[in-house]
Amino acid sequence: MDIQSYYLLVPLAPLFGAIAAGLFGKLLGRKMSHRITIAMVGVSLFSAIQIFQDVMAGHTFNGTVYTWLTSGDTSFHVGFLIDRLTVTMMLVVTSVSLMVHIYTIGYMSEDPGYQRFFSYISLFTFSMLMLVMANNFMQLFFGWEAVGLVSYLLIGFWYTRPTAIYANLKAFLVNRVGDFGFLLGIGLVLMVFGTLDYAAVFANVAAHVDDMAPIAGMSVNLLTAICILLFVGAMGKSAQFPLHVWLPDSMEGPTPISALIHAATMVTAGIFMVARMSPMFELSDTALSFVMIIGSITALFMGFLGIIQNDIKRVIAYSTLSQLGYMTVALGASAYPVAIFHLMTHAFFKALLFLGAGSVIIGMHHDQDIRNMGGLRKYMPITWITSLIGSLSLIGTPFFAGFYSKDSIIEAVGASHLAGSGFAYFAVVAGVFVTAFYSFRMYFLVFHGKERFGLAHHDEHAHDKKHDKAHAKHDAHHDDAHEAHVGDHADEEVSADHHHGLAPGQKPHETPWVVWLPLVLLAIPSVVIGYIAIEPMLFGGYFKDAIYISEHHEVMKELHEEFHGAFAMALHSLFSLPLWLAIAGVASSAFFYLKRPDIPAGIQKRFQWIYTLLENKYYFDRFNDWFYAGGARGLSSFLSKFGDRFLIDGLMVNGTAGLVGKVSGVVRKFQSGYIYHYAFTMIVGVFILLTIRNWFA
């Protein structure tokens, strides 16, 4: 088969699967729907491997597949840019998506929306592939918005749950804020360069390095404005501070989409976009510093929030936020290959952790509260060992995949001399301890210590009090819907995330092979991919033609000089501060939650104000509800009362009609039918006309 046929197969195969399961799912049935969608994602992965081999042989592609429309001198194309950055993303997206598809067979087995879910995740895979394969800003924006739309559908998959409706609406609206900036950035690109084609823009970007943005009353460099506006889009999609608020609530969706959206694909779209735009960002140190500072705030302060979470999925969600912050910091330090390297390793170990959490939820009969767990190691050995591997990789244990990418980020930031690099270095180093602490807090509470299941349960979201009533209503509603829908299977669960928990005397159980097999397959790259890939990806010129790094930013060069092989790097880390901070984090969590669980409770009581601050997520949600939502409602109320009722209805419509009525009421009195009244009116009229004439003569 011609290699260009594989280019088309990669995105179109999942699209075909999505259409088949979505439009003909009832006709095909459950088994045939998942077989078709899994087969199509398998075809996509196989095609991506063929393209990868071709690209590694030195062949790249940049061309138009289809001209969508032409407006004046501007044409809008569907086109592909196939290089090493693209194929890396293609392999990550398709491989993780395949694991998620297989896992979904077991996880969603009793859900009435089974075919619909497979259709959505296949459609999401298509959207993400169109985004990463784009060779122009128009197609990038299409993929950008498509993944946002499908994520909205997936987060609100259980549309009878009030909390799911709230979460998907929140995700949609927050991303609109970021996408507004993204669209303005693309508009500026079209205005300045006259084209939306990557190659044409990057070829001419140096000619505009000193141009000033056409913003009245401000002196802003044009490229800086474009880069920051594009990055605002990345802040929304990749959940960077302060547009991070949507991601934790998106855990309301089924666990498989947490792995697909929040580990490997959608949230990494912003990271990929900045790396793709490196020829532009490299010409603006201001934009790079902005990126670095935003990333460092996210990396550290979102990690703090993970410490107090009790929902197993939310702990991992805040971990994702923190790790996205690490990737963003690497972008700001001009270490783009390191950011993509961490994106790749993170995709595997974070997908593993999310799917492991889903396995625990199934084993616990759909209880998500880690305070109701403990001692699961002996009941769920496969889930235990794979979750341990994921946790060790996440905290940066030497020789595991996460170590090589995370340690490289810390070294890159330490070598950076851009404004803000000092704070960023402190944030990523301190974040090592925080990550190790909350990761192993969850691990110890779930798999070790005293068995706490079958006892009085905490609420699934005890930390989020304002949603408690909504959850209670949902449970009652969902139970009723379930009984009506499945009849004879009233004792089975509608959905894997439905909150029930173990009854007294019940024991957890290991999950079926369709659930644990993807865990095992993801655990392998979570261990070895970093050791194998670090040298070629970072120091072997892997991204030489796909990513541009200015000669003034020598971070990657310094990392190369200090690198003496993957094995030596791991040995050298034994004497480095990050490793000992990670060990301290693990040891602290073991002591607090296995030996002396009274200490965390005492600390919480003594520092209640800090706990309250973290529990309320720094009050960002409350501020957004008051300032943005409340402000929007206040503005609309003002516009309704003043603009609509008073100005338009009162003055313009009713006022005009009233004025005409009053004038006509006065004029009507002169229409009496008497000749002398008309003669008098004519005399007055002539007098007025003569007065005006003489006045202006």
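The values are calculated or read from the model by the stated rules, or taken from the named source; none is laboratory data. Please read these numbers as outputs of a predicted model, since none were measured by experiment. Here Cβ is always computed from backbone atoms with ideal geometry, including for glycine, and neighbour counts include all displayed protein chains. Surface areas here come from the heavy atoms of the whole protein model, side chains and all, with no ligands, DNA or RNA. Shrake-Rupley method; radii C 1.70, N 1.55, O 1.52, S 1.80 Å.
Per-structure values
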{"item": "Number of the exception - Val65 against (1) open to solvent by less than 40 Å² (accessible area, probe 1.4 Å); (2) closer than 18 Å to Leu140 by Cβ; (3) aliphatic (A, V, I, L, M)", "result": "(1)"}
{"item": "Residue ranges of helices (runs of 4 or more DSSP H) in region 516-623 with at least 1 members at pLDDT 90 or above and surrounded by 14 or more Cβ atoms within 10 Å (Cβ to Cβ)", "result": "577-590"}
{"item": "Inter-residue pairs, beta-carbon under 9 Å, first within 20 Å of Lys641 (Cα to Cα) and in region 651-664, second part of a helix (DSSP H, G or I), 6+ apart", "result": "Gly655/Asp649"}
{"item": "Answer from Ile410, Ile385 - the residue that is touching a Pro at 6+ places or on another chain (Cβ under 6 Å) and at pLDDT 90 or above", "result": "Ile410"}
{"item": "Exclusive hit being touching a Ser or Thr at 6+ places or on another chain (Cβ under 9 Å) and acidic (Asp, Glu), set Asp249, Asp211", "result": "Asp249"}
{"item": "Subset of region 1-20 (residues that are farther than 17 Å from Phe80 by Cα and at pLDDT below 90)", "result": "Met1"}
{"item": "Top-ranked residue of region 387-432 - restricted to ones that are outside any helix (DSSP H, G or I) and over 25 Å from Phe539 (Cα atoms), ranked as least open to solvent (accessible area, probe 1.4 Å)", "result": "Gly420"}
{"item": "Close pairs (9 angstrom Cβ cut-off, 6 or more residues apart or separate chains): of a type in the set (D, E, K, R) in region 183-205, open to solvent by less than 30 Å² (accessible area, probe 1.4 Å) anywhere", "result": "Asp197/Gly79; Asp197/Asn135; Asp197/Asn136; Asp197/Phe137"}
{"item": "Residue ID - farthest from Gly530 (Cα to Cα), chosen from residues in region 376-386 that are open to solvent by 10 Å² or more (accessible area, probe 1.4 Å) and not basic (Lys, Arg)", "result": "Tyr379"}
{"item": "Within region 210-315, helices (runs of 4 or more DSSP H) holding 1 or more residues that are within 18 Å of Phe620 (Cβ to Cβ) and among the β-branched types (Val, Ile, Thr)", "result": "222-237, 285-306"}
{"item": "Given (1) more than 19 Å from Ser576 (Cβ to Cβ); (2) in contact with a Pro (Cβ under 7 Å, 6 or more places away or on another chain); (3) surrounded by fewer than 21 Cβ atoms within 10 Å (Cβ to Cβ), number of the condition His365 does not satisfy", "result": "(2)"}
